[in-house]
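Here's the structure, in structure tokens; my notes come after.
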Amino acid sequence: MSLTAGAFASDIFRRRRLRAVFTLRFADGARDRFIAAYQEIRHQVVLLDGCHGDGARESTAAPQEWMITEEWAILEHFQQWETA
């Protein structure tokens with residue numbers, strides 16, 4: 001699996017928030033393990049202080065490519081999750 005990550009500040013409906021975007025590319029056989037792990041952890045992530053939600057999307061053109069987005073109240077909340 002390869003992972004690219006980035007965090008982008010945004011002003012959504014005049015509320016300052018941070019959106020983190022992760023792109024993933026899976027080797028053969030890794031997709032199902034990712035889905036199982038993601039389903040297990042995603043409910044824990046949205047309970048964290050400052051997390052306003054997350055989502056995972058599969059590419060329609062290439063099923064081995066996925067994108068995860070997370071929305072955070074402020075950068076510091078995202079950084080706490082990232083370093084935990």
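Each reported figure results from applying straightforward, stated rules to the coordinates on display, with no laboratory input. Keep in mind that what you see is a predicted model, and the values were worked out from it rather than measured. Cβ placement follows ideal geometry from the backbone for every residue including glycine, while neighbour counts extend to all protein chains displayed.
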Total residues in the stretch 52-71, condition touching a residue at least 24 places away in the same chain (Cβ under 8 Å) and either under 12 Å from Thr23 (Cα atoms) or touching a strand residue (DSSP E or B) at 6+ places or on another chain (Cβ under 7 Å) (or both): 9
In the stretch 34-51, residue farthest from Ala20 (Cα to Cα) [restricted to those that are in contact with a helix residue (DSSP H, G or I) (Cβ under 9 Å, 6 or more places away or on another chain) and surrounded by 14 or more Cβ atoms within 10 Å (Cβ to Cβ)]: Leu48
Number of positions in the stretch 59-81 that are under 24 Å from Ala27 (Cβ atoms) and either surrounded by fewer than 14 Cβ atoms within 10 Å (Cβ to Cβ) or of a type in the set (Val, Ile, Thr) (or both): 7
Index of the failed condition, Thr23 passing every other in (1) of a type in the set (Val, Ile, Thr); (2) touching a residue at least 40 places away in the same chain (Cβ under 8 Å); (3) over 21 Å from Ala84 (Cα atoms): (3)
Single match in Arg57, Arg17, Arg33 (criterion: more than 13 Å from the chain's Cα centre (by Cα) and in a strand (DSSP E or B)): Arg17
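Of everything in the stretch 36-51, what is on the phi < 0 side of the Ramachandran plot and either aromatic (Phe, Trp, Tyr) or in contact (Cβ under 8 Å) with a residue 12 or more places away in the chain (or both)? Give them in sequence order.
Tyr38, Arg42, Val45, Leu48, Asp49, Cys51
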